[in-house]
Amino acid sequence: SQQGEEDPQALSIQEGENATMNCSYKTSINNLQWYRQNSGRGLVHLILIRSNEREKHSGRLRVTLDTSKKSSSLLITASRAADTASYFCATDARSSASKIIFGSGTRLSIRP
Amino acid sequence: DAGVIQSPRHEVTEMGQEVTLRCKPISGHDYLFWYRQTMMRGLELLIYFNNNVPIDDSGMPEDRFSAKMPNASFSTLKIQPSEPRDSAVYFCASSLQAGGARNEQFFGPGTRLTVL
């Protein structure tokens, strides 16, 4: 069963706008990660946030984590055409930190 | 480093045939993961290894699927006999750790399997 569920399933925005994707999970975690997948490619790690962190930045990416709500958000600022991809959150359960479970993903399309 | 290498990139086979997918993880990574991705089921973890030893194979769908890791630089995923419902993209990934802040996984390009 999937640990994380992304929302929305699909998102289409104009280039230059900000994109926000959300992830909800079910069990207590150690870390939460976000990955990007371009069409026909493997997943690429974007950012990891620990359970004791609330916010993390990396370039145009901003990730927040609310462990009380078991949710996270990924914000991409000033979107570009190259940001068109699917984005997945992944969590490792505290009960079994040896593996991470991926959510269903958000398909992001950036319109020129 | 060349990253995680998978072969073949594409495989088309007929139902009943044996299929072998191959993976070379990043050198020095102790963990290797096999995933399957379909539109219907998303990304599923099939099995993962730590130091060449299978740790969790609870995601392997049936006895038709088997995976081996004979050494630190090579793993195979075998399907015998293959069925049309096995059609999917199979990814291999490796990581330094499987817990903590260093469990970032590095994915290969995937093998797109089509079973006719």
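The values are calculated or read from the model by the stated rules, or taken from the named source; none is laboratory data. In this text the structure is predicted, and so the values were computed from the model without any measurement. Here Cβ is always computed from backbone atoms with ideal geometry, including for glycine, and neighbour counts include all displayed protein chains. Note: areas computed on protein heavy atoms with side chains; ligands, DNA, RNA excluded. Shrake-Rupley method; radii C 1.70, N 1.55, O 1.52, S 1.80 Å.
Assorted remarks:
- For the criterion of being more than 11 Å from every other protein chain (Cβ to nearest Cβ), touching a Cys at 6+ places or on another chain (Cβ under 6 Å) and either aliphatic (A, V, I, L, M) or over 24 Å from A:LEU46 (Cβ atoms) (or both), B:SER75 passes.
- Residue selected from the range A:15-39 under the condition within 11 Å of A:SER86 (Cβ to Cβ) and open to solvent by 40 Å² or more (accessible area, probe 1.4 Å), by the criterion farthest from the chain's Cα centre (by Cα): A:SER39
- Tally of residues being touching a Ser or Thr at 6+ places or on another chain (Cβ under 8 Å), within 12 Å of another protein chain (Cβ to nearest Cβ) and farther than 15 Å from B:VAL115 by Cβ across the range B:1-29: 4
- Evaluation of B:PHE33 against (1) of a type in the set (Phe, Trp, Tyr); (2) open to solvent by less than 10 Å² (accessible area, probe 1.4 Å); (3) more than 19 Å from A:TYR35 (Cβ to Cβ) (one fails), failing number: (3)
- Qualifying residue in the range A:72-83 (condition: open to solvent by 40 Å² or more (accessible area, probe 1.4 Å) and within 29 Å of B:ASP56 (Cβ to Cβ)): no
- Test: residue in the range A:89-100 that is over 24 Å from B:ILE47 (Cβ atoms) and either outside any loop (DSSP other than H, G, I, E, B) or not polar (S, T, N, Q) (or both): no
- Residues of the range B:46-72 satisfying the condition of being open to solvent by less than 30 Å² (accessible area, probe 1.4 Å), within 12 Å of chain A (Cβ to nearest Cβ) and among the hydrophobic types (A, V, I, L, M, F, W, C): B:LEU46, B:ILE47, B:PHE49
- Search result, residues across the range B:74-88 that are assigned to a strand (DSSP E or B) and either open to solvent by less than 20 Å² (accessible area, probe 1.4 Å) or in contact with a helix residue (DSSP H, G or I) (Cβ under 6 Å, 6 or more places away or on another chain) (or both): B:SER75, B:LEU77, B:ILE79, B:ALA88
- Here the range A:1-27 is the region considered, the condition is being part of a loop (DSSP other than H, G, I, E, B) and under 19 Å from B:LEU45 (Cβ atoms), and the residue that is modelled with the highest pLDDT is A:LYS26.
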